[in-house]
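In what follows, a structure is listed as structure tokens, so that the remarks can point back to it.
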Amino acid sequence: QAFTELQAKVMDTQQKVKLADLQIEQLTKTKKHAHLTDTEVMMLVDETRMYEGVGRSQIFPKPKGVIHNQLLEKQRIAEEKIKELEQKKSYLERSVKEAEDNIREMLMARRAQ
């Protein structure tokens, strides 16, 4: 019974690691998109009217500086979340390794009997 519990824990933890990988990948894309958009925005003349996209429409014109700050904030938040997910992923990977080691020990103990 302990063996099956450990196996279930390993599989569950491995799924969580894969989910963390997917989330990290998505956040990396978001960060890169915000960076590229910001690069393009900064090349425009200061007087250029810019609109923030909301769904399929744009709202009120905003100054270039406001858009720039929003994009920088988006990058910063994505970076923080990526760091958190990487720490969580590393913890989960250690947990998987410990569970696998425990399974090996149980199998060795059964063979020894």
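The values are calculated or read from the model by the stated rules, or taken from the named source; none is laboratory data. As the structure is a prediction and not an experimental result, all values here were calculated from the model. Note that each Cβ is placed from the backbone with ideal geometry, even for glycine, and that neighbours are counted across all protein chains shown. What goes into the accessible areas is simple: the full protein's heavy atoms, side chains included, and nothing from ligands, DNA or RNA. Shrake-Rupley method; radii C 1.70, N 1.55, O 1.52, S 1.80 Å.
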Flagged links, alpha-carbon separation over 19 Å, of LYS31/LYS97; LYS32/LYS89; LYS32/LYS74; LYS18/LYS74: LYS31/LYS97; LYS32/LYS89; LYS18/LYS74
- prompt: Which far-off residues, 5 or more places away or on another chain, put their amide H under 5 Å from the one on MET50, with H placed in the peptide plane?
  reply: LYS62
- line: Note to self: with every protein chain in place and a 1.4 Å probe, the chain gives an accessible area per residue in Å² of 78
- prompt: Once you charge only the Cβ atoms, +1 for Lys and Arg and -1 for Asp and Glu, what is the size of the charge dipole of the chain about its Cα centre, to the nearest 20 debye?
  reply: 220
query: If one puts a single equal scatterer on every Cα of region 1-41 and applies the Debye formula without solvent, what log₁₀ I(q)/I(0) results at q = 0.24, 0.34, 0.35 Å⁻¹?
result: -0.76, -0.97, -0.99
- prompt: From the phi of every residue in region 76-88, what ³J(HN,Hα) in whole Hz does the Karplus formula 6.51 cos²θ - 1.76 cosθ + 1.60 yield, where θ is phi - 60° and glycine or proline is x?
  reply: 5, 5, 4, 5, 4, 5, 4, 4, 4, 5, 5, 5, 4
task: Mind telling me which of GLU93, GLU80, GLU47 comes out most flexible in a GNM of the chain, alpha-carbon contacts under 10 Å?
output: GLU47
query: Cα to Cα, under 16 Å, and not fewer than 8 places away if on the same chain: which aspartates and glutamates meet these conditions relative to LYS81?
result: ASP21, GLU25, GLU73
Apportionment of accessible area to carbon and sulfur, the chain, percent (1.4 Å): 55
- request: Restricting things to alpha carbons, find the Rg to Rh ratio for region 1-112 using the Kirkwood radius for Rh.
  value: 1.31
- prompt: What is the packing order of peptides 11-23, 58-70, taking the mean over residues of other C-beta atoms within 10 Å and listing the highest first?
  reply: 11-23, 58-70
- prompt: Along the charge dipole of the chain, which of LEU36, LEU72, THR13 sits closest to the positive end, that is, farthest toward it, with unit charges on the beta carbon of Lys, Arg, Asp and Glu (+1, +1, -1, -1)?
  reply: THR13
